[in-house]
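First up is the structure itself, then whatever we jot down about it.
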Amino acid sequence: MTNTWIEVCSINDVPENGGTCVKVDDKQIAVFNFTRTGKWYATDNMCPHKQQMILSRGMIGDKAGEPKVACPFHKKTFSLETGQCLSGEDYHISTYEIKVEAGTIYIAI
C-alpha cells in the first residue's frame, strides 16, 4: 500500500518546541515542531489513557534521548518516533511520516 501525502498546514502554524492539531478527514493528528533537535513529528492527537483529544497541547522533551510528548492532563508520556507509552503502561499512539517542503507540512496517510 502506498502512502498518500496530505498537505496539513504551514510551518508557521506550529509553535517552536510545541504542537498543534490538524484534521485529516475525521482524524485529529498532532503535529510537533521539535526545534531543539530540528525534527518534526506527527501522532494521534488522542491520549488513549482517558480518550481525550489533547496530545497536541502536551509538553515535548526526551527520555534518555527518545523524543516524547507528555499528556498535559495525566502526564502519560509517548515516544514521538514509535508511539509506545514510556510511562510503563500498555498504551500506544499511532505515528505518521511527516515532511516539510517550502514551508508546508505534509503527513503520509
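Mind checking which residues of the stretch 34-48 are farther than 10 Å from I98 by Cβ and surrounded by fewer than 23 Cβ atoms within 10 Å (Cβ to Cβ)?
F34, T35, R36, T37, G38, D44, M46, P48
Checked against the criteria, L55 counts as buried (at least 17 other Cβ atoms within 10 Å of the Cβ), under 12 Å from the mean Cα position of the chain (by Cα) and farther than 13 Å from V14 by Cα.
Checked against (1) within 28 Å of T4 (Cα to Cα); (2) more than 10 Å from the chain's Cα centre (by Cα); (3) modelled with pLDDT of 95 or more, T37 passes all but condition (3). Suppose the filter is assigned to a strand (DSSP E or B) and surrounded by fewer than 15 Cβ atoms within 10 Å (Cβ to Cβ); does V100 pass it? So V100 passes the test.
Those strands (runs of 3 or more DSSP E) of the stretch 1-77 in which 3 or more residues are of a type in the set (A, V, I, L, M) occupy 27-34. The set of residues from the stretch 78-93 being of a type in the set (G, A, S) and either surrounded by 12 or more Cβ atoms within 10 Å (Cβ to Cβ) or not in a loop (DSSP other than H, G, I, E, B) (or both) comprises S79, G83, S87. Filtering A42, A70, A64 for residues that are out of contact with any strand residue (DSSP E or B) (no Cβ under 7 Å at 6 or more places or on another chain) and of a type outside the set (K, R) leaves a single hit, A64.
For the criterion of being of a type outside the set (S, T, Y) and either over 16 Å from D13 (Cα atoms) or buried (at least 20 other Cβ atoms within 10 Å of the Cβ) (or both), A64 passes.
Does S87 qualify as being in contact with a Pro (Cβ under 9 Å, 6 or more places away or on another chain), without any contact (Cβ under 8 Å) to a residue 40 or more places away in the chain and not charged (D, E, K, R)? No; evaluated as a whole, the condition is false for this residue.
The values are calculated or read from the model by the stated rules, or taken from the named source; none is laboratory data. Source: prediction; values computed, not measured. Glycine gets a Cβ as well: all are built from the backbone with ideal geometry, and neighbour counts include every protein chain shown.
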